[in-house]
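The values are calculated or read from the model by the stated rules, or taken from the named source; none is laboratory data. As the structure is a computational prediction, the values presented were derived from the model and not from experiment. Neighbour counts run over all protein chains shown; Cβ positions are idealised from the backbone, glycine included. Please note that ligands, DNA and RNA were not included when accessible areas were found on the heavy atoms of the full protein model with its side chains. Shrake-Rupley method; radii C 1.70, N 1.55, O 1.52, S 1.80 Å.
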Amino acid sequence: MMKDLFDISGRIAVVTGANSGIGSAAAELLASKGANVALIGRREPDDPAIVELLGNVEEHKTLCKYYQCSVSTESDVVATAQRIKKDFGRVDILFNNAAAAKLMFLEEMTEEQWDLTVDTSLKGTFLCCREFGKIMIEQKRGAIVNMASIAGVLGLPRGTAHHSAAKAGVMGFTRAAAVEWAKHGIRVNTIVPGQIGTSSLQKVFETNEKFKQDILNDIPLGRVGLPEEIAHSVLFLVSDAAGFITGQTLIADGGTVIK
Ligand SMILES: NC(=O)c1ccc[n+]([C@@H]2O[C@H](COP(=O)([O-])OP(=O)(O)OC[C@H]3O[C@@H](n4cnc5c(N)ncnc54)[C@H](OP(=O)(O)O)[C@@H]3O)[C@@H](O)[C@H]2O)c1
């Protein structure tokens, strides 16, 4: 019988920013493919979003635990990586998905917003890679997916300069990490989603028809993506099907950047 290259049964997967959108879709998909999942978010464990997330992931009957941790705070990430190692014994998969970006035009950009965005997307990715990467180095095996965005590839006129800078940084960071850690058996790749129909985008679509049409006109496939479709790309990159792929940027955007 042919081996199922997408079977990740028994592997330990860490997902950051797991309580909404793409993060929760990835957490559920990885659990449905057999992974035990450690979910990271900045909210209290009794927050309704966390309770709902755990309920959805636990349906897949794999081990699942939530850790309150801000990915941009070094002491939080160091302590959480140690707790996850103690609770699960190892870490095979890391999906660095957390981000925070409020749209703001450049001439009005505050230092606070710049720092929040860059610290969450870029520094958070670095800190999580460093701490979970140390565990993977001991194991001589691991797969990391870092989350970027088409905002890091294209110039967009929508107040994304801080977000664009952080996500372009994530892509450069990923290539350097992939080359440094190839000798440890660790693969590191980036996903670049286009416009994805998470609940926040759907809310804007309902109130701003022009914005919606502008966005859809930029997408050759004529629709926004689903969070689950980005989760599928995550599964591919962390699975054995992508065993010879590292340092790459997988663009899942309905054709936007090739237009
Ligand atoms: N949706 C799109 O169209 C799109 C397109 C391209 C790229 N992306 C990228 O995809 C990723 C997920 O986006 P999404 O659309 O699913 O947005 P989202 O729902 O806002 O997800 C971001 C997650 O990160 C969490 N987070 C923020 N700061 C954190 C911190 N310091 N520590 C830990 N967690 C933190 C958020 O928690 P709270 O809920 O508590 O804020 C939230 O769960 C992001 O990296 C985003 O840039 C999204």
Worksheet item: Any idea which residue in segment 1-14 is farthest from Asp92 (Cα to Cα), counting only those that are open to solvent by 30 Å² or more (accessible area, probe 1.4 Å) and of a type outside the set (Gly, Ala, Ser)?
Response: Met1
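Of Thr73, Thr80, which residue is at pLDDT 95 or above, open to solvent by less than 10 Å² (accessible area, probe 1.4 Å) and either within 14 Å of the ligand (Cβ to nearest atom) or out of contact with any helix residue (DSSP H, G or I) (no Cβ under 8 Å at 6 or more places or on another chain) (or both)? Full working, then the answer.
Details: Thr73 fails: open to solvent by less than 10 Å² (accessible area, probe 1.4 Å).
Selected residue: Thr80, the only one of Thr73, Thr80 that is at pLDDT 95 or above, open to solvent by less than 10 Å² (accessible area, probe 1.4 Å) and either within 14 Å of the ligand (Cβ to nearest atom) or out of contact with any helix residue (DSSP H, G or I) (no Cβ under 8 Å at 6 or more places or on another chain) (or both).
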Discussion item. Testing Lys61 on (1) more than 20 Å from the chain's Cα centre (by Cα); (2) within 12 Å of the ligand (Cβ to nearest atom); (3) basic (Lys, Arg), one condition comes back false. Which one is that?
Written reply: (2)
Response to the item:
Of those in segment 135-156 that are within 16 Å of the ligand (Cβ to nearest atom) and over 18 Å from Ile245 (Cβ atoms), the residue surrounded by the fewest Cβ atoms within 10 Å (Cβ to Cβ) is Gly155
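Taking only segment 20-30 into account, find how many residues are open to solvent by less than 10 Å² (accessible area, probe 1.4 Å) and aliphatic (A, V, I, L, M).
Start the filter on segment 20-30 by keeping residues that are open to solvent by less than 10 Å² (accessible area, probe 1.4 Å), which leaves 23, 26-27, 30.
Filter once more, so that each one left must be aliphatic (A, V, I, L, M): 26-27, 30.
Counting residues in segment 20-30 that are open to solvent by less than 10 Å² (accessible area, probe 1.4 Å) and aliphatic (A, V, I, L, M) gives 3.
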Discussion item. Between a residue in segment 232-259 that is free of Cβ contacts under 8 Å to residues at least 24 places away in the same chain and any residue that is buried (at least 17 other Cβ atoms within 10 Å of the Cβ) and among the charged types (D, E, K, R), which pairs come within a Cβ distance under 9 Å, given they are 6 or more apart or on different chains?
Written reply: Phe244/Arg187
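Can you tell me which residue among Gly41, Gly17 is at positive phi, surrounded by 16 or more Cβ atoms within 10 Å (Cβ to Cβ) and either more than 14 Å from the ligand (Cβ to nearest atom) or not aliphatic (A, V, I, L, M) (or both)? Spell out how you get there, then give the answer.
Working: Gly41 fails: at positive phi.
Just one listed residue meets the conditions, Gly17.
Based on this model, can you work out whether Arg175 counts as assigned to a helix (DSSP H, G or I), open to solvent by 50 Å² or more (accessible area, probe 1.4 Å) and in contact (Cβ under 8 Å) with a residue 60 or more places away in the chain?
yes
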Fill in: Which numbered condition Val118 fails, given (1) more than 14 Å from the ligand (Cβ to nearest atom); (2) within 30 Å of Phe211 (Cα to Cα); (3) not polar (S, T, N, Q)
(1)
Item to complete: Given the conditions (1) closer than 27 Å to Met2 by Cα; (2) of a type outside the set (Asp, Glu); (3) within 16 Å of the chain's Cα centre (by Cα), report the number of the one that Thr249 does not fulfil.
Response: (1)
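Does Ala166 qualify as being closer than 30 Å to Met2 by Cβ, outside any loop (DSSP other than H, G, I, E, B) and either touching a residue at least 12 places away in the same chain (Cβ under 8 Å) or of a type outside the set (Asp, Glu) (or both)? It would help to see each step written out before you state the result.
Details: closer than 30 Å to Met2 by Cβ: no; outside any loop (DSSP other than H, G, I, E, B): yes; either touching a residue at least 12 places away in the same chain (Cβ under 8 Å) or of a type outside the set (Asp, Glu) (or both): yes.
No: the conditions fail for Ala166.
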Discussion item. Could you check segment 178-211 and list, in sequence order, the residues that are exposed (fewer than 15 other Cβ atoms within 10 Å of the Cβ) and either within 16 Å of the ligand (Cβ to nearest atom) or charged (D, E, K, R) (or both)?
Written reply: Glu180, Lys183, Ser199, Ser200, Gln202, Lys203, Val204, Glu206, Asn208, Glu209, Lys210, Phe211
